[in-house]
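Novice: Okay, here's the structure, questions in a sec.
The values are calculated or read from the model by the stated rules, or taken from the named source; none is laboratory data. Just so you know, these numbers come straight off a predicted model, no measurement behind them. Every residue, glycine among them, receives a Cβ derived from its backbone with ideal geometry; neighbour counts consider all protein chains shown. When the accessible area is computed, the model is the full protein with side chains, heavy atoms only, and any ligands, DNA or RNA have been set aside. Shrake-Rupley method; radii C 1.70, N 1.55, O 1.52, S 1.80 Å.
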Amino acid sequence: MRPIPILLLSLAWLPLRGQTEMLRTHLDRQAPVAPAHLVLLEAPGSKALQGGFRTLLQAQALRGFQVPLEGFDLGTALGREQAAAHRCAPKAQWLLVGAGGQVKAKGIDVPDAESFARALQDAGFQDRARALEAYLKQAPESLSAREALIAELRARGERTAQRLLGITVETPRERLGRGDLAAWRKALGDPATADLTAARTLEPAEDLDAWGPFAQALDEAFRLGVWQEMTFTWTQEGRPLDGASPTLRGLYTRWLPTVEAALPRQPESESLWPLWRWMQAATGGSRLRLLMARLVPCPTSPPDQWPPEPALHALRATARTPDDWRVIHEAYRARWDALPVPEAIPDQPTALEPLWEQTLGPLLESALGARDLGIAEADFQEALLKTRWASLPAKAAALAQACGHPSLAARWGLVRP
Amino acid sequence: MSFRRLLLMVGILALALPAQAQTLFATGDARIRLAHLLQGHPEGVLVCLPSATGRSLHGGLLALGSQEALLDLQLDLHDLTLTQPAGRELLGLKGWSPETPHWALLGPGPRILAEGIDPPTAEALAQAHRASGLPTRVGVLEAFLRDHPDHDEARAQLVLALRGPAELRTERQAPPPKDPGQPQPRLSSEADDRIWGAYADQYERLMTSGAWRRTAEATGPLPLAAALSDAAPRSPRLRALAEQLLPEVESHLRRRPEDPRRWKVWLSLRAAVPGSRPHEVLAGIPPLPGSRTWPPQAALDAYVEDARLQNDWRTVEPMLEEAYRQSLAFIQAMEDAARRDAPASITQVDLGAAFGFGGWTGELALLVEAKLRLSRFEEADRIFMAAYGRVPRSKLAEQAAMLARECGAEALAAKWAALAR
């Protein structure tokens, strides 16, 4: 059997759907090392063990353990190879396999939480948060430990909050991992937004359970004044569930002024703004216009970088009046003018999607929001002339319809580049 | 990464390059207009256009940028052509004839503020710039900082703008010795103050304000500016500054040893003055629970550099072995994942050279070098042959043979070179 040309596939993995395992493996490369992993040998066509263990690992007794888990279908050659490699019969079972390949524990049915917790500890797992807390007691000056603890508690908080709220909010990485590039790009553009309209607010006991430890750790980082020396990857890769937590909203309300006070020193910071936007999205605060008035970009920075993306997203999310939208239009107009605009490539209709999502769509949206229809028309015609993008009329028409301008939508929909 | 973020990164990195006239080729990019070239350049830019017969002023203009009179201007130079919209736009600005080549000093508008059909002298171009009313890059930033003294990003940009010309002047006044084993020459006190005084002041302010720590960005002006110039060993003033800052930088490095930017800053200071070795900096710090490696991967560069300086690879060898082991484990994991992704009918996959596997990558090359420097020739051969067996490329064998020759392992060099033929 000829090997498939993985070279080509691996180089092309982004545009191709379905190449998710390689992508996930690549993205997980830097995850903390686990002393063992779960190998789930499933009956042909079944995912029963995977479902059972995913539920099990959410139990209170197991929340502190991050156990990598892989399912193999015994109906496939790979599944049968796994069974042979671990010297077990090719029947549905679970194996806890250590780093050296030795089977530390196994079973046919999903075990209970307490006995599995014992098996994990015997295999070398530790509750990482507890271990980091102990580390910090010995070395309170360690920023690495403090940052890792906050990240660990954040991950746990997200898992618990999702379970309690009965919702699933994907991270950008998960969207990419399942090949949904459009959703990934949207999440990357503004990681802080999530549609939580269907979610309720957590009850006090639930809130404490999900977010208490994380809130305490983050609060301490702010109180000690070391927050700005840390990297909070969850502000760009996390699940934006914070709006459903009164604890987190209170925490962010308290510390948002501190983050805003740091911005004048680094107004183009690619780490401060995502943190600001994360906190602002959860609290719904809209002091952005006051904040922007205090910020001055460096005179040698390219003008199309101002205002930064998270600020623009916040402006759009909180715009209420035509004047608000005019400010936004001014910002996007500067970006549009500063951008070398590519022409559409005939056989790649989606090539200009990022341009639409990041600049052109918001430009038209803001003109429509400001009710400056003449400006919207001029922007549309200019964009059409520059890009010759066949998809532009339909996209612009859909936008105009969504913004409540049906006659404009009808006119744009009939235009041909 | 968005195009705009990429532009910003390229723009910031361009500031960190030596301050010779930089040629930014717009050739083939049909989207660039003159206004784009001016973005982020209040000091203006130089542009040139060849004649219709192809006669160009580019070479002459490029040589100008490194002359003393123009060093502080650090003007970017763009070599345009008439096939580009930007080139045609330039031709049309003043109705130039295409029969002769042209150069121009371009300012906001865009407007042509000085021009000619023969390359100017450096002094004439500097005078033209002064007469144009355009500010210098350093002047713009200094004026801005007088009004906004706490603006960390602007101060970082100023540090970078001052560094380039100072490095070039140091190369001329105190060129490094041909033999790297010889000590670095030192600038005289007067030259040192003149060349490095402004940079040293700004760098010190950046570091003592703590701005260098208060950023999570890997690129951008702050992390770039926080690294002390690599000309520091030749400047008594910068050496004294490095000595003053080193203890505090080490203290902050110990608080976050997984941070590669802190290691870069530390390395830049250590290059200027003697101090602790990496394992001494990390002495007494236990690994974080769940760490993949210890010392952390971020420290690896520091350990390798230290090994080279001290010619002692014993401490770094096990780190390099672990890094390589993890790299091989990753390849295996990717192969397993590829098999899971492949259609059921496919049972064999071949990653080939995807993701840099099979290339003379950092981990492989460094591990082989460590083995060679420690005279562990059999181990070096075993590691190389296993990598070559995975992807038998001539380039791999050539590069490995070159390394073996450098390390004095002639027999291995010959063996590996034979594989390249």
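Novice: Report whether or not residue B:217 is closer than 28 Å to residue A:147 by Cβ and either assigned to a helix (DSSP H, G or I) or of a type in the set (Val, Ile, Thr) (or both).
Specialist: No: the conditions fail for residue B:217.
Novice: Restricting to the range B:207-224, and then to whatever is more than 7 Å from every other protein chain (Cβ to nearest Cβ) and open to solvent by 30 Å² or more (accessible area, probe 1.4 Å), can you tell me which residue is nearest to residue B:260 (Cα to Cα)?
Specialist: B:218
Novice: Just give me the residues in the range A:229-249 being open to solvent by less than 30 Å² (accessible area, probe 1.4 Å) and farther than 19 Å from residue A:159 by Cβ, in sequence order.
Specialist: The answer is A:229, A:230.
Novice: Which residues, taken from the range A:324-340, are open to solvent by 40 Å² or more (accessible area, probe 1.4 Å) and either within 13 Å of chain B (Cβ to nearest Cβ) or farther than 15 Å from residue A:362 by Cα (or both)?
Specialist: Selection gives A:334, A:337.
Novice: Which one is nearest to residue B:88 (Cα to Cα), of the residues in the range B:103-139 that are charged (D, E, K, R) and outside any loop (DSSP other than H, G, I, E, B)?
Specialist: Filtering first and then ranking leaves B:111.
Novice: While we're on this one: When residues of the range A:368-393 are filtered for being over 19 Å from residue A:341 (Cα atoms) and among the small types (Gly, Ala, Ser), how many remain?
Specialist: Counting residues in the range A:368-393 that are over 19 Å from residue A:341 (Cα atoms) and among the small types (Gly, Ala, Ser) gives 3.
Novice: Let me ask something else about it. Would it be correct to say that residue A:240 is assigned to a loop (DSSP other than H, G, I, E, B) and modelled with pLDDT under 90?
Specialist: no
Novice: For the range A:127-168, name all the residues that are acidic (Asp, Glu), surrounded by fewer than 22 Cβ atoms within 10 Å (Cβ to Cβ) and out of contact with any helix residue (DSSP H, G or I) (no Cβ under 6 Å at 6 or more places or on another chain).
Specialist: A:127, A:133, A:158
Novice: Against the definition (farther than 16 Å from residue B:367 by Cα, within 14 Å of chain A (Cβ to nearest Cβ) and open to solvent by 20 Å² or more (accessible area, probe 1.4 Å)), how does residue B:286 come out, yes or no?
Specialist: Yes, satisfied.
Novice: Residues to consider are A:199, A:205; find the one that is more than 14 Å from every other protein chain (Cβ to nearest Cβ), closer than 18 Å to residue A:165 by Cα and open to solvent by less than 50 Å² (accessible area, probe 1.4 Å).
Specialist: It is A:199.
Yes/no per residue for (1) open to solvent by 30 Å² or more (accessible area, probe 1.4 Å); (2) modelled with pLDDT of 90 or more:
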residue	(1), (2)
B:12	no, no
B:31	yes, no
B:41	yes, yes
B:50	no, yes
B:69	yes, yes
B:76	no, yes
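Novice: I've got another one for you. Is it the case that residue B:61 is at pLDDT 90 or above, open to solvent by less than 30 Å² (accessible area, probe 1.4 Å), under 29 Å from the mean Cα position of the chain (by Cα) and away from chain A (no Cβ under 14 Å)?
Specialist: Yes, satisfied.
Novice: Would you confirm whether or not the range B:304-312 contains a residue that is away from chain A (no Cβ under 14 Å), buried (at least 16 other Cβ atoms within 10 Å of the Cβ) and part of a loop (DSSP other than H, G, I, E, B)?
Specialist: no
Novice: Can you tell me how many residues in the range A:292-318 are more than 10 Å from every other protein chain (Cβ to nearest Cβ), surrounded by 20 or more Cβ atoms within 10 Å (Cβ to Cβ) and part of a helix (DSSP H, G or I)?
Specialist: 6
Novice: From B:171, B:167, B:248, grab the single residue that is touching a residue at least 60 places away in the same chain (Cβ under 8 Å) and open to solvent by 70 Å² or more (accessible area, probe 1.4 Å).
Specialist: Exactly one of B:171, B:167, B:248 is touching a residue at least 60 places away in the same chain (Cβ under 8 Å) and open to solvent by 70 Å² or more (accessible area, probe 1.4 Å), namely B:171.
Novice: Quick check on the range A:372-388. Is at least one of its residues at positive phi and out of contact with any helix residue (DSSP H, G or I) (no Cβ under 8 Å at 6 or more places or on another chain)?
Specialist: Within the range A:372-388, one or more residues are at positive phi and out of contact with any helix residue (DSSP H, G or I) (no Cβ under 8 Å at 6 or more places or on another chain).
Novice: Within the range B:181-195, does at least one residue satisfy the condition of being surrounded by 19 or more Cβ atoms within 10 Å (Cβ to Cβ), in a loop (DSSP other than H, G, I, E, B) and away from chain A (no Cβ under 11 Å)?
Specialist: Scanning the range B:181-195, I find at least one residue that is surrounded by 19 or more Cβ atoms within 10 Å (Cβ to Cβ), in a loop (DSSP other than H, G, I, E, B) and away from chain A (no Cβ under 11 Å), so the answer is yes.
Novice: Quick check on the range A:362-386: of everything there that is buried (at least 17 other Cβ atoms within 10 Å of the Cβ) and small (Gly, Ala, Ser), which residue is nearest to residue A:307 (Cα to Cα)?
Specialist: Top of the filtered list is A:366.
Novice: Name the residue, out of A:276, A:255, that is buried (at least 21 other Cβ atoms within 10 Å of the Cβ), touching a helix residue (DSSP H, G or I) at 6+ places or on another chain (Cβ under 9 Å) and in a helix (DSSP H, G or I).
Specialist: Every option except A:276 fails the conditions.
Novice: Which ones in the range A:383-417 are part of a loop (DSSP other than H, G, I, E, B) and not basic (Lys, Arg)?
Specialist: A:389, A:390, A:391, A:403, A:404, A:405, A:414, A:415, A:417, listed by residue number.
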